[in-house]
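Asker: Below you'll find the structure I mean.
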Amino acid sequence: MNNHKVIISYIALGSNLQSPLKQVQNALQRLEQLPTSTLLEHSSLYQTSPVGGPLDQPDYINAVAKIATQLPAQNLLFELQTIEQEFGRIRLERNGPRTLDLDILLYGDEIIDTEQLTIPHPRLMERAFVLFPLTEIAANLVLPDGTRIANFLTASLEGQCKRIK
């Protein structure tokens, strides 16, 4: 790694097309190849029902990865979108089925709000498929605004997410 500051970032992974389990496993391996970055750990894999989008789409496989990176946030976003394209991601409709979705959930303690990137991820606290795997690998995580991630795990989210591997 070069002279840039090392940032801990959390990345959400999801897939519900073309062997989703394999897509997420392969994407985790691909994250190990990010420039000036190290994959530190990742959650178990979870099966979840789709949120939004078409009603007839298949269930998702989701996970969260923790990386140490020297990439600026915009560069990290570019690298993740490149990986999505390598995996055949086509953006046809919002919340539609996909071969791979990679979202930056957190980038250190930074708050970023640009046209291309919002960090912390704006729907992070609403989604069981993000909260459960994130809490699994970072139970004591505190958001940039000082709230603890574990505070958002509610009974209403239980049952929306099933650990499979």
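The values are calculated or read from the model by the stated rules, or taken from the named source; none is laboratory data. Given the structure is predicted, the values throughout are model-derived calculations rather than measurements. For neighbour counting, all protein chains shown are included, and Cβ atoms are generated from backbone atoms with ideal geometry for every residue, glycine included.
Asker: Please indicate, with yes or no, whether at least one residue in the range 27-50 is at pLDDT 90 or above, crowded, with 16+ Cβ neighbours inside 10 Å and more than 19 Å from Tyr10 (Cβ to Cβ).
Answerer: The answer is yes; a qualifying residue exists.
Asker: When you go through Ala63, Ala27 one by one, which is the residue that is within 16 Å of Ile164 (Cα to Cα) and not acidic (Asp, Glu)?
Answerer: Criteria check complete, one pass: Ala63.
Asker: Hey, another quick one. Sort out which residues of the range 115-144 are touching a residue at least 12 places away in the same chain (Cβ under 8 Å) and exposed (fewer than 14 other Cβ atoms within 10 Å of the Cβ), and write them in order of number.
Answerer: Result: Gln116, single match.
Asker: So if I check each of Glu136, Glu126, which one is more than 20 Å from Leu34 (Cα to Cα), modelled with pLDDT under 85 and charged (D, E, K, R)?
Answerer: So the residue among Glu136, Glu126 that is more than 20 Å from Leu34 (Cα to Cα), modelled with pLDDT under 85 and charged (D, E, K, R) is Glu126.
Asker: Right, here's the next one. Inside the range 7-19, can you point out the residues that are over 13 Å from the mean Cα position of the chain (by Cα) and either among the polar types (S, T, N, Q) or at pLDDT 95 or above (or both)?
Answerer: Within the range 7-19, Ile7, Ile8, Asn16, Gln18, Ser19 qualify.
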